[in-house]
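Engineer: Here it is: the structure, laid out below.
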Number of protein chains: 2
Amino acid sequence: MNIVIVGLGNIGGSFALSLRENAREHTVYAIDVDEDTLEHAEHEGIIRQGFTDPEKIIPRADLIIFSVYPLILKSLVEKYIPLLKENVILTDVTGVKRSIIGQIEPLLPESADFVFGHPMAGRENRGLKYSSAEVFKGANYLFTLTDRNRDDNVELMTSLIKRMGFKNVSSVTPEFHDDVIGFTSQLTHVIALSLINSDDVERNTKQYTGDSYRDLTRITNINENLWPELFVMNKDYLIDHIDRFKSQMDLLKDAIETEDVETMQEMMVEARRRYHDLHNLEMPESE
Amino acid sequence: MNIVIVGLGNIGGSFALSLRENAREHTVYAIDVDEDTLEHAEHEGIIRQGFTDPEKIIPRADLIIFSVYPLILKSLVEKYIPLLKENVILTDVTGVKRSIIGQIEPLLPESADFVFGHPMAGRENRGLKYSSAEVFKGANYLFTLTDRNRDDNVELMTSLIKRMGFKNVSSVTPEFHDDVIGFTSQLTHVIALSLINSDDVERNTKQYTGDSYRDLTRITNINENLWPELFVMNKDYLIDHIDRFKSQMDLLKDAIETEDVETMQEMMVEARRRYHDLHNLEMPESE
């Protein structure tokens, strides 16, 4: 296949590197606005050839991987539609799905199959120089299927993604995706931002941190040009998760205030049970 | 010096291993209730000798390191007081200080100097088998000084702790300690517990997690016999930090609800500035 990666940033670059490592029978091209990035990627053998002009390569593409900000995805797809090869497969890496799918599906010609996807291996550092085939290994991948998708294309994409080292490759509805991502990814970012911004900067806190504070704030090196739109596109689910989290926190706060040690212990035992389940570990009987 | 570690669990064991690696001129003994642990530690050369009976070793101790649960610390100190050598130094590893110091200082004989300390390198796994000299390397250490402490003893302890690989060794007031630890350690545990317990267990969330969820829940494998008492002993500061965090979260939630992208971006830029400061990184001008 001719694979064209649109947007050779961190994730797009990681796709290119991972395809080179795990699926050498395909030829990988890239489209980007930055000529230096394309030249560097060609020179390093990360891609076969780079283009700033989609007309020169989109007509030959069998698979197009859009690795761009959600806000520009729709306009790019619109621009590429007249250029698409018959039976082309398209995919994306966007972190929210319902809104994106609603914008894009009505535009698509009959034979073009957009298999919407989400590699759960985002990194906060931007640009090709932070790309790596390693970040995909063991990570989760979500496809959000719609009635338009053809089974053989979904199978092809699933198999390709698995070869790249992803562990759990699941197909879910766009609604389920946005619900669960609102919890595992968006809520966690809301929490981390709120934590680091509630620090008293006069205190020079960094001299007094342990691993826990560094763990909980690691994701605050956040891309402010991407995340607000993700939050807004998913605000119904996200607000709901924030409220559920706050309710849990209020239960624990009440237990602390009333010195209700037994309730705190129950919450901690429940949390440990969930921790062990998350990591596929056996919970010790007693310690 | 003869150093006696009281409580050969994860932290006590890490002290023994680190002293063996970094301060071989001292002789390290241990007191524990578990004879198997002591025998194993002797056999592995982690300690010179282990005792279940304090009378056999406390009278020869120049430095006693209490690595035990806060609730039993006071009764142990009471028991050891008649056995203490003249001019002995004592220290602890407790995560909250005002309450502990208030309980213990009044008990001490004139010549005994308790230099209260807190290695910020806790690990959730319990027991000697998880001990390691490595966990102390690069970690922060806090001493909470009182009017009773002698300068030469504080200097001796600081120097010993630095040799063990700790990076920032600070001396602060018990009040400042409890305030900052309420934020960097206790609030983060409250958040992590509330996050994992607000998960919908029907969803089988683990198939859909990225690094962020695993980062934010890593500390939920929590010791339910230790943490409730730490929370209770520090509840004034902790509740205050929970409330400040909730206020920040509400600001962000409002911005999401009203789709106020500009405010979200400002919060994210501020968070990134703090992230870069925390990790001593230069903030890129623009990306």
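The values are calculated or read from the model by the stated rules, or taken from the named source; none is laboratory data. What you are looking at is a predicted structure, and each value in this text was computed from that prediction instead of being measured. Glycine also receives a Cβ, built like all others from the backbone with ideal geometry; neighbour counts cover every protein chain displayed. Just so you know, the surface numbers come from the protein's heavy atoms only, side chains and all, with ligands and any DNA or RNA stripped out. Shrake-Rupley method; radii C 1.70, N 1.55, O 1.52, S 1.80 Å.
Engineer: What are the nm distances, shortest first, from B:Glu25 to its equivalents in the other copies, labels at 7 Å along Cα→Cβ?
Structural biologist: 6.9
Engineer: Under a crude label model (7 Å from the Cα following the beta-carbon direction), how far is B:Lys167 from B:Glu44 in nanometres?
Structural biologist: For the pair B:Lys167/B:Glu44, the computed spacing is 2.6 nm.
Engineer: I've got another one for you. Taking the label point as lying 7 angstrom from Cα along the Cα-to-Cβ axis, what are the distances from B:Pro59 to the corresponding position in the remaining copies, in ascending order and in nanometres?
Structural biologist: Going from nearest to farthest copy, the values are 9.8 nm.
Engineer: Sticking with this structure for a sec: Could you please state, rounded to a whole Å, how far the C-alpha centre of segment A:1-75 is from the C-alpha centre of segment B:184-250?
Structural biologist: Segment A:1-75 and segment B:184-250 have Cα centres spaced 40 Å from each other.
Engineer: Can you pull out the GluC sites (Glu not before Pro) in segment A:153-261 that DSSP calls coil and that have at most 16 other Cβ atoms within 10 Å?
Structural biologist: Counting only loop positions with at most 16 other Cβ atoms within 10 Å, the GluC sites (Glu not before Pro) in segment A:153-261 are A:Glu259.
Engineer: What spacing in nm lies between the two simple spin-label points modelled at A:Ile81 and A:Leu107, each 7 Å away from Cα in the Cβ direction?
Structural biologist: Using points 7 Å along Cα→Cβ, the separation is 0.7 nm.
Engineer: Then there's this: Considering only C-alpha atoms, what is the centroid distance from segment A:164-181 to segment B:98-170, in Å?
Structural biologist: 47
Engineer: While we're looking at this one, here's another question. For B:Lys137 paired with B:Met1, estimate the spin-label separation in nm (one decimal), with each label point 7 Å from Cα along the Cα-to-Cβ line.
Structural biologist: 2.3
Engineer: Taking the Cα centre of chain A as the origin, how large is its charge dipole in debye, to the nearest 20, when only Lys and Arg (+1) and Asp and Glu (-1) carry charge on their Cβ atoms?
Structural biologist: In total the dipole reaches around 880 debye.
Engineer: Along Cα→Cβ at 7 Å, what distances in nm separate the B:Arg150 label point from those on the other copies, shortest first?
Structural biologist: 8.6
Engineer: Give me the percent of the accessible area of the protein assembly as shown that comes from carbon and sulfur atoms, probe 1.4 Å, all protein chains in place.
Structural biologist: After summing per-atom areas, the C and S share lands at 45 percent.
Engineer: Compute the FRET efficiency between B:Glu175 and A:Asn280 as 1/(1 + (r/R0)^6), taking r as their Cβ-Cβ distance and R0 = 41 Å, and round to the nearest 0.05. Before the final figure, lay out the partial values.
Structural biologist: Working: r = 43 Å, r/R0 = 1.04.
After rounding to 0.05, the efficiency reads 0.45.
Engineer: Report the antiparallel proportion of the DSSP beta bridges in chain B as a percent, rounded to a multiple of 5.
Structural biologist: 20
Engineer: At R0 = 22 Å, how high is the FRET efficiency between A:Glu257 and B:Asn225 if r is their beta carbon distance? Nearest 0.05 is fine.
Structural biologist: About 0.60, to the nearest 0.05.
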